[in-house]
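Structure first, then comments.
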Amino acid sequence: MRIGFAGNDDFIRRIIDLGPQRADEMTPASERRPRATASPGRGAILAHMRFLGPILLFAVLGGPVGCATTPAPIAVPAFDGPVPTVPERDILALTPGMTRAVNGWPDAPGRVQVDHLNRLLLHGGSGGFSYDAEATLTAAQAFERREGNCLAFANLAVALGRAGGLRVFFQEATTLPSWDATDDTVIVNHHVNAGIDLGRSTVTLDVSVEFAERTTGVRRIDDALAAAHFYSNIGAEALLQEDLPYAYAALHRAIEAAPAASFAWSNLGLVLARNGQAESAKAAYEQAIALKPDNYSALNNLAAL
């Protein structure tokens, strides 16, 4: 299936959904800071989603979850070879230092607490939060290192905000699509941030001003799907390093966390295909499509098998 073309029409690339991670054409890390933006009315939230790289003729993998019907669950296809253990992570676990950081918050209206959270994200620890596209981290890791990608930042904002008594949740955000190519893989990137329900309005916390300004849509997601994004990122990074067993194990974790995560099934299909398991890859792609019929990544990679 053709999605776009440039150069040799015979050149086919597979696309892996790397989940909430990268942004190109961004300001230097030292200049990037989180931003809180308020939207009037319940549910009117700022967020965005981004794809990176050149447009080519390619087979695709990945995409955000969203389907009106839920197909019958299937067993995750087995990997042909030894599989390592990917440790289970609590992406929102608090450290003693994080608890101390919010203990002094006043019992005040929500917007006052939002200001405290924003200041903590901006100036906590060693003085800020730096965007690092490659750093998929838990909230505790992001708090300690004061850096991370958009998912790491969202984990930190959700964990600290809830500890401070705020109603904070994850959001999948939408921006104009783009792709990032590396070797024989095209990476489709998505964006995640944090939303805060203040009753009569919603506030969005984002890792960067540039991200916030390029937002065109948003949808609220649950913690399980955020965890699936976390493990899918780890699996995608392992795949790019050609570590297929670890990629498989991480994507298996992603599907355990959120069985309806179409992007995780699609990425799993690519891992199985590159491991020489065409039939298993076909089953994974078909499940991804059953969960989200317009998952063009899975549709194209299935056609390329």
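Need pairs with beta-carbon distance below 6 Å; first residue within 30 Å of GLY269 (Cβ to Cβ) and within segment 185-209, second among the hydrophobic types (A, V, I, L, M, F, W, C) and part of a loop (DSSP other than H, G, I, E, B); sequence gap 6+ or separate chains.
VAL188/PHE51; ASN189/PHE51; ASN189/LEU52; HIS190/MET49; HIS191/MET49; ASN193/ALA47
Take the residues in segment 187-215 that are touching a Ser or Thr at 6+ places or on another chain (Cβ under 9 Å), in a strand (DSSP E or B) and aliphatic (A, V, I, L, M), then tell me which one is nearest to VAL86 (Cα to Cα).
Looking at the filtered set, the residue picked out is VAL188.
Among the residues that make up segment 122-134, is at least one of them assigned to a helix (DSSP H, G or I), at pLDDT below 85, surrounded by fewer than 17 Cβ atoms within 10 Å (Cβ to Cβ) and not acidic (Asp, Glu)?
yes
Among (1) surrounded by 23 or more Cβ atoms within 10 Å (Cβ to Cβ); (2) closer than 30 Å to GLN113 by Cα; (3) without any contact (Cβ under 8 Å) to a residue 24 or more places away in the chain, which single condition is GLU213 missing?
Of everything listed in (1) surrounded by 23 or more Cβ atoms within 10 Å (Cβ to Cβ); (2) closer than 30 Å to GLN113 by Cα; (3) without any contact (Cβ under 8 Å) to a residue 24 or more places away in the chain, GLU213 misses just condition (1).
Looking at (1) open to solvent by 50 Å² or more (accessible area, probe 1.4 Å); (2) closer than 18 Å to VAL218 by Cα; (3) not small (Gly, Ala, Ser), which is the one condition that is false for THR175?
Going through the list (1) open to solvent by 50 Å² or more (accessible area, probe 1.4 Å); (2) closer than 18 Å to VAL218 by Cα; (3) not small (Gly, Ala, Ser), THR175 breaks only (1).
Any idea which of (1) open to solvent by less than 50 Å² (accessible area, probe 1.4 Å); (2) at pLDDT 95 or above is the one LEU299 doesn't satisfy?
For LEU299, the failing item is (2).
Looking at segment 103-119, which of the residues that are more than 16 Å from LEU205 (Cβ to Cβ) and not in a helix (DSSP H, G or I) is least open to solvent (accessible area, probe 1.4 Å)? Break it down into steps so the answer makes sense when it comes.
Initially, segment 103-119 is screened for residues more than 16 Å from LEU205 (Cβ to Cβ), giving 103-104, 106-109.
After this cut, where a residue has to be not in a helix (DSSP H, G or I) as well, the list is 104, 106-109.
Details: GLY104: 69, PRO106: 49, ASP107: 158, ALA108: 28, PRO109: 94 Å².
This residue is ALA108.
Find the helices (runs of 4 or more DSSP H) located wholly in segment 216-283 whose residues include 1 or more that are out of contact with any Asp or Glu (no Cβ under 6 Å at 6 or more places or on another chain), open to solvent by 10 Å² or more (accessible area, probe 1.4 Å) and within 19 Å of THR174 (Cβ to Cβ), and list them.
Hits in segment 216-283: 223-240.
Going by the structure shown, is ASN155 surrounded by 21 or more Cβ atoms within 10 Å (Cβ to Cβ) and at pLDDT 95 or above? Can you show your working first?
Working: surrounded by 21 or more Cβ atoms within 10 Å (Cβ to Cβ): yes; at pLDDT 95 or above: yes.
Answer is yes for this residue.
The values are calculated or read from the model by the stated rules, or taken from the named source; none is laboratory data. Computed from a predicted model, the values in this text were never measured in an experiment. Reconstructed Cβ throughout: ideal geometry from the backbone, glycine too, with neighbour counts over all protein chains shown. Side chains are part of the model used for accessible areas, which takes the heavy atoms of the whole protein and leaves out ligands, DNA and RNA. Shrake-Rupley method; radii C 1.70, N 1.55, O 1.52, S 1.80 Å.
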